[in-house]
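To keep things clear, I will list the structure first and then write my remarks on it.
The values are calculated or read from the model by the stated rules, or taken from the named source; none is laboratory data. The shown structure was predicted, so the numbers you read here are calculated from the model rather than taken from an experiment. Please note: Cβ atoms are built from the backbone with ideal geometry, for glycine as well, and neighbour counts cover all protein chains shown.
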Amino acid sequence: MDPMQIAWHLMEGTNDIITSINKDGTFSYVNRALMEKLHYSESEIDTLSIGTIFFPGEQKKIKAIVTKDTHEIISDVQTIMVTKEGEMLHVEGAFSPFFEGGKKVSTIALFRDISKQKKMEEDLERERNQTEFLIDIMTHDLANIHQEIISMLDFLILNEDLPNETVGIIKEGISEIERATRLISSVRKISIVSKALPDLQCMDISLALLRGAIQARLAFPEKTLKLVTDVEHGEYFVVADEYLVDIFYSLLHNSLKHSKKKDVTI
Amino acid sequence: MGTFLIVDDDESLHKVLVRVLKLEGHKVVGSVYNGSEAVEFIRNSKTKPDIILMDHRMPVMDGTTATREILALDSTQRILFISADETAESEALKAGAVGFLLKPIRSADLFRAVKSCLGEK
């Protein structure tokens, strides 16, 4: 088979849009995919130009590429085409200059339809924003409610006539509210972690362990915690973010929670 | 003893804070519900508070923006943040807040922070 015929079949058989764009913005060739995706008929090909098939805000960018006298292939260009009826089609393309007698005569452009990918990205972004919004509301409003309950319980504790047993129960209540607050804070942190790069820093593993232990100890005021470790302060450093403390807190919290002993040694 | 302006969009929290502050003999001279109202209070009121207790996330104007505007009007104001949003801490301190307390706070922690603020003034 003639290589030219093979090339022709490839260009006409593909679902990607292939065009040859003249310097004046008209087309010397458009393939079947372009006509199908933008809903034009063969009789309309001569009426097409950059001004008719590209979104108005994108036309300047495309004109700049096709008029630039360069041998360079320009790839990964995201742009927007419009169908005959005015619907947008997101595409990603590569532009290859075509020279004759040392002069650039046209630009061969190949575009891949990325509308579905774009829509998925937009849907995902919308869902993320919605989730973040709901988490923000939950964090804000529940923190206020917890603040009010804790302050009220603080008031009750100030009453010197209260029996010790009642004071103990109130303190347990405060501790549970603080636990709920930490849970909410963790949910918020997870939502932030999933969308942002971690803020890494050099951390002393002994200090992170100690901070986690202090937090875990506060969650169980009725228990004692003896932490035995051969890791000395200033001995080991790791590259981590602030969640390293949360990891130690969670490990120690689980140990304290599930130990049946009052005096827990870890 | 100090005088306070409470800036928070949660009405119930105002009542709680008034009660807590009374315990130590403090007086609340104003209660507003967003940053913009706080700025107007400082601009128009003859009785300036010793400390402004400021929330961060509020409608109309957030606490950090309000802090910048208040300090531009009166740089002697002491603004103490009480917020549930720990990510706002550095922004609040950069804006000129004297302290940041993460909700929910224990009354003893609030009193300590207030004492420290009043001592600075």
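Quick grid of which residues meet (1) within 9 Å of another protein chain (Cβ to nearest Cβ); (2) over 23 Å from B:D109 (Cβ atoms); (3) surrounded by 13 or more Cβ atoms within 10 Å (Cβ to Cβ):
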| position | (1), (2), (3) |
| --- | --- |
| A:G173 | no, no, yes |
| A:R179 | no, no, yes |
| A:I184 | yes, no, yes |
| A:I190 | no, yes, no |
| A:A216 | no, no, yes |
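Rundown of residues vs (1) at pLDDT below 85; (2) under 23 Å from B:L17 (Cβ atoms); (3) in contact with a helix residue (DSSP H, G or I) (Cβ under 8 Å, 6 or more places away or on another chain), yes/no style:
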| residue | (1), (2), (3) |
| --- | --- |
| A:A143 | no, yes, yes |
| A:E148 | no, yes, yes |
| A:S186 | yes, no, yes |
| A:Q201 | no, no, no |
| A:S206 | no, no, no |
| A:G212 | no, no, yes |
| A:A219 | yes, no, yes |
| A:V231 | no, no, yes |
Answer residue from the range B:85-111, given it is touching an Asp or Glu at 6+ places or on another chain (Cβ under 6 Å) and in a strand (DSSP E or B) and is nearest to A:L156 (Cα to Cα) among those: B:L102
Test: residue in the range B:81-88 that is under 14 Å from the mean Cα position of the chain (by Cα) and more than 14 Å from chain A (Cβ to nearest Cβ): no
Any hit, the range A:84-92, residues being under 23 Å from A:E121 (Cβ atoms), at pLDDT 95 or above and acidic (D, E): yes
Some residue of the range A:107-127 being within 14 Å of chain B (Cβ to nearest Cβ) and more than 24 Å from the chain's Cα centre (by Cα): no
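Filter the range A:188-199 for residues that are in contact with a helix residue (DSSP H, G or I) (Cβ under 6 Å, 6 or more places away or on another chain) and either at pLDDT 80 or above or not charged (D, E, K, R) (or both) and give the result.
Residues of the range A:188-199 that are in contact with a helix residue (DSSP H, G or I) (Cβ under 6 Å, 6 or more places away or on another chain), as a first pass: A:188, A:191.
Within the range A:188-199, A:S191 is the sole residue that qualifies.
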Residue tally, condition within 14 Å of chain A (Cβ to nearest Cβ) and out of contact with any Phe, Trp or Tyr (no Cβ under 8 Å at 6 or more places or on another chain), over the range B:93-106: 5
Number of the exception - A:G234 against (1) touching a Phe, Trp or Tyr at 6+ places or on another chain (Cβ under 9 Å); (2) surrounded by fewer than 16 Cβ atoms within 10 Å (Cβ to Cβ); (3) among the small types (G, A, S): (1)
Residue satisfying all of: in the range A:72-111; of a type in the set (K, R) and either touching a Phe, Trp or Tyr at 6+ places or on another chain (Cβ under 9 Å) or buried (at least 17 other Cβ atoms within 10 Å of the Cβ) (or both); farthest from A:E44 (Cα to Cα) among these: A:K104
Residue within the range A:152-166 that is touching a Gly at 6+ places or on another chain (Cβ under 8 Å), at pLDDT 90 or above and either within 11 Å of another protein chain (Cβ to nearest Cβ) or not in a loop (DSSP other than H, G, I, E, B) (or both) present: yes
